[in-house]
Amino acid sequence: MFRRLSLFLAITTPISIALWWWSKTASFECQYDPIIQPIAQVNKIDPLLVRAVIWRESRFKANCKGRDGERGLMQIMEIAAEDWSIREKVKNFDPETLYDPHVNIEVGTWYLSRSLRRWNETDNPLIFGLAEYNAGRSNALRWVDPDSPLSSEAFLRRIDYPTTLRYVEIILKKHQQYQRGYIQPPWVTLWIDWKPKILRKIGYKN
């Protein structure tokens, strides 16, 4: 009897811990959904895509600051925030408010939505729009193939920033996972975060 109980506990305990950890991860990744949903609706964009961008940009850390001054959940550059404030007629906009989740998501979702709308006539606006969100409008225009301007495959072949290619790939995959109701285990997220650093240390070149 004791051996059966020990075997049962040996099997169920790790499973229970994994499920608990997974549920905590799911709760963590959905924490900003009440803010994302109405803002995404106004901007006519999939809220799950916004959540996927936040996951990639900041791992849901509202106080995150990038190397080039990007701020908050969606890593907004000050120039993008100023553009938003002019369009929305927000006077005396303070870039420090980008650390506020609501403000950051409002600005970032507007910026992402605008990037996507610019590529509505292409065969996959997500690919073009995400590349623009990551690398800027001028680079996105540079990567358009003159012979196949609406082709996402041709566009991807011309992207000469490995980090942008990886960025688009990861967000598209994460977006699909969210659409299927799948939340990635935290150890997979850790591997995605640390893999580039490990490859650089061992001298791997993309």
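Quick notes on this structure:
- Criterion applied to Pro47, Pro95 was being closer than 20 Å to Phe28 by Cα and either surrounded by 14 or more Cβ atoms within 10 Å (Cβ to Cβ) or in contact (Cβ under 8 Å) with a residue 60 or more places away in the chain (or both), and the one residue passing it is Pro47.
- Members of segment 10-57 that are acidic (Asp, Glu) and at pLDDT 95 or above: Asp33, Asp46, Glu57
- Only listed residue being β-branched (Val, Ile, Thr) and under 16 Å from the mean Cα position of the chain (by Cα), chosen from Val107, Val42, Val103: Val107
- Beta carbons closer than 9 Å, at least 6 apart along the sequence or on distinct chains, pair a first residue in segment 153-174 that is among the hydroxyl-bearing types (Ser, Thr, Tyr) with a second that is part of a helix (DSSP H, G or I) and surrounded by fewer than 16 Cβ atoms within 10 Å (Cβ to Cβ) for Tyr161/Asn139; Thr163/Pro196; Thr164/Asn139.
- Residue, farthest from Val168 (Cα to Cα), within segment 117-133, restricted to residues that are in contact (Cβ under 8 Å) with a residue 40 or more places away in the chain and out of contact with any His (no Cβ under 8 Å at 6 or more places or on another chain): Tyr133
- In segment 111-124, residue surrounded by the fewest Cβ atoms within 10 Å (Cβ to Cβ) [restricted to those that are within 17 Å of Leu48 (Cβ to Cβ) and of a type outside the set (Ser, Thr, Tyr)]: Asn124
The values are calculated or read from the model by the stated rules, or taken from the named source; none is laboratory data. Source: prediction; values computed, not measured. Virtual Cβ from ideal backbone geometry, glycine too; neighbours counted across all protein chains shown.
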